[in-house]
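J.: After the structure tokens below, expect a handful of questions from me.
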Amino acid sequence: MLKMLHLSLDDPKKLSEVCRGLSSGIRLDILKLLEKQSMNVVEIAEQLKIAVSTTAFNINILNEVGLITTQFQSGNRGTKKTCSKNYDDIHITLSQNLKSDKDYGSYKVEMPLGYFSDCLVYPTCGIVSDEGIIAIEDEPGDFFVPERVKAELIWFRKGYIEYKFSKGELNNKTVLIDNIQFSMEICSEAPNYNNEWPSDITLWVNDVEITTWTSPGDFGGSRGKLNPGWWWDYATQYGILKTWDITSMGTFEDGRHVSNVKIADIHFEKNNFIKLKIGMKEDAINMGGINLFGKKFGNYEQAIIMKIKYNSN
């Protein structure tokens, strides 16, 4: 599938960052090499006949501006940094959106982790609050105890969890939806923790598959900034703050176009709620589980946030 990055003067910072990434002949050569396959730093240096240090410097810039993704992979000769290209095309609009934020309405809901409407989970799994354990570890049936509403960290190795977000005031309005955004702190679920533990995590909105993101690991080794004092040092500590936007141009992950699912495809008007499902497909290549973080765990003081941007004119 063609992956396109959309840039415009509406976001000059992002535009200038990407242009900086493209402003070097070496970095353009690196992108050419990554067109058909992923490569590690040494392989790229050998192909371009330049020093490994020079290669690593330019790779870091491409990674910082979001044009490539780097991951550490273990091999027979130790750990290597593997590089993959994020986009096949870049579209730049050199005109500003005629509509300002004042022309749009917005609606926001922050969903506490424990207020899920349905789940089907498999061990390893568990729920804790900032005060202690809620669900006995590896007992999926405990996910439905009343105390679950206090959840600040939820984890499971396989399955899914669903949330129903109220549309609130939008149920009584005729609006044109411009953007639906979901954001959350999330990562894989490994025994204790493992910073290199990939997991293919899929999102569905209103039962429509939106995209699959491969989480690189279940993160630990240093304590999460918000974690309570009683939480174990050897366990999961924090995740990655991820954002997905569903727009009229498709679905974007952290600003990167990842699927062609558009606003019209999720049938916003169908129900008086919006259903978000987070889980792993049964045929996932990396069945590496999920950790979801609330406002009092991890590094980001938020639960699962839905934002809707709409035009009522």
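J.: Among the residues that make up region 218-227, is at least one of them among the hydrophobic types (A, V, I, L, M, F, W, C) and outside any loop (DSSP other than H, G, I, E, B)?
T.: Residues of region 218-227 among the hydrophobic types (A, V, I, L, M, F, W, C): 219, 226.
So of that shortlist, the ones also outside any loop (DSSP other than H, G, I, E, B) come out as 219.
Looking through region 218-227, at least one residue is among the hydrophobic types (A, V, I, L, M, F, W, C) and outside any loop (DSSP other than H, G, I, E, B).
J.: Moving on to the next point. Scanning for something in contact with a helix residue (DSSP H, G or I) (Cβ under 7 Å, 6 or more places away or on another chain) and outside any strand (DSSP E or B), does region 264-285 turn up at least one residue?
T.: If we filter region 264-285 for residues that are in contact with a helix residue (DSSP H, G or I) (Cβ under 7 Å, 6 or more places away or on another chain), which is where we start, we get 272.
Now drop any that are not outside any strand (DSSP E or B), which leaves 272.
Within region 264-285 (the criterion being in contact with a helix residue (DSSP H, G or I) (Cβ under 7 Å, 6 or more places away or on another chain) and outside any strand (DSSP E or B)), the answer is yes, since at least one residue qualifies.
J.: If the requirement is being of a type in the set (Val, Ile, Thr), in a strand (DSSP E or B), in the same structural domain as PRO112 (by TED's automatic domain parsing) and over 27 Å from ARG256 (Cβ atoms), which of these qualifies: ILE134, ILE154? Steps first, please.
T.: Numbers: ILE154 fails: over 27 Å from ARG256 (Cβ atoms).
Of the residues listed, the single one that is of a type in the set (Val, Ile, Thr), in a strand (DSSP E or B), in the same structural domain as PRO112 (by TED's automatic domain parsing) and over 27 Å from ARG256 (Cβ atoms) is ILE134.
J.: Among (1) more than 12 Å from the chain's Cα centre (by Cα); (2) within 20 Å of THR124 (Cβ to Cβ), where does ASP200 come up short?
T.: (1)
J.: Let me ask something else about it. Among the residues of region 242-276, which ones are surrounded by 18 or more Cβ atoms within 10 Å (Cβ to Cβ), more than 19 Å from MET4 (Cα to Cα) and more than 16 Å from the chain's Cα centre (by Cα)? Steps first, answer last, please.
T.: Start the filter on region 242-276 by keeping residues that are surrounded by 18 or more Cβ atoms within 10 Å (Cβ to Cβ), which leaves 244-247, 250-253, 257-259, 261, 263, 266, 268, 274-276.
Among the residues that remain, those that are also more than 19 Å from MET4 (Cα to Cα) are: 266, 268, 274-276.
Correct list: ILE266, PHE268, ILE274, LYS275.
J.: Might you let me know whether region 153-169 holds any residue that is exposed (fewer than 14 other Cβ atoms within 10 Å of the Cβ), of a type outside the set (A, V, I, L, M, F, W, C) and touching a residue at least 12 places away in the same chain (Cβ under 8 Å)?
T.: yes
J.: Then there's this: Taking region 54-73 only, how many residues are out of contact with any Lys or Arg (no Cβ under 7 Å at 6 or more places or on another chain) and part of a helix (DSSP H, G or I)?
T.: 8
J.: Keeping to region 30-55, report how many residues are of a type in the set (A, V, I, L, M, F, W, C), within 16 Å of THR79 (Cα to Cα) and in contact (Cβ under 8 Å) with a residue 40 or more places away in the chain.
T.: Summing the residues that are of a type in the set (A, V, I, L, M, F, W, C), within 16 Å of THR79 (Cα to Cα) and in contact (Cβ under 8 Å) with a residue 40 or more places away in the chain in region 30-55 gives 2.
J.: Being β-branched (Val, Ile, Thr), touching a Ser or Thr at 6+ places or on another chain (Cβ under 7 Å) and without any contact (Cβ under 8 Å) to a residue 24 or more places away in the chain narrows it down to one residue among THR69, THR82; which is it? Before you say what the answer is, go through the steps one by one.
T.: Numbers: THR82 fails: without any contact (Cβ under 8 Å) to a residue 24 or more places away in the chain.
Result: THR69 is the single residue among THR69, THR82 that is β-branched (Val, Ile, Thr), touching a Ser or Thr at 6+ places or on another chain (Cβ under 7 Å) and without any contact (Cβ under 8 Å) to a residue 24 or more places away in the chain.
J.: Something else now. Given the conditions (1) more than 17 Å from the chain's Cα centre (by Cα); (2) assigned to a loop (DSSP other than H, G, I, E, B), which single one is not true for GLY141?
T.: Among (1) more than 17 Å from the chain's Cα centre (by Cα); (2) assigned to a loop (DSSP other than H, G, I, E, B), the lone unmet condition for GLY141 is (2).
J.: Could you say which residue among THR243, THR236, THR214, THR251 is part of a loop (DSSP other than H, G, I, E, B), closer than 26 Å to GLN71 by Cα and of a type in the set (Ser, Thr, Tyr)? Before you say what the answer is, go through the steps one by one.
T.: Values: THR243 fails: part of a loop (DSSP other than H, G, I, E, B); THR214 fails: part of a loop (DSSP other than H, G, I, E, B); THR251 fails: part of a loop (DSSP other than H, G, I, E, B).
So the residue among THR243, THR236, THR214, THR251 that is part of a loop (DSSP other than H, G, I, E, B), closer than 26 Å to GLN71 by Cα and of a type in the set (Ser, Thr, Tyr) is THR236.
J.: Determine whether TRP232 is without any contact (Cβ under 8 Å) to a residue 12 or more places away in the chain and in the same structural domain as VAL121 (by TED's automatic domain parsing). Reasoning before the result, please.
T.: Working: without any contact (Cβ under 8 Å) to a residue 12 or more places away in the chain: yes; in the same structural domain as VAL121 (by TED's automatic domain parsing): yes.
Here the answer is yes, as TRP232 does meet what is asked.
The values are calculated or read from the model by the stated rules, or taken from the named source; none is laboratory data. Everything quoted here is computed from the prediction, not taken from an experiment. All Cβ positions, glycine included, derive from the backbone under ideal geometry; neighbour counts span all protein chains shown.
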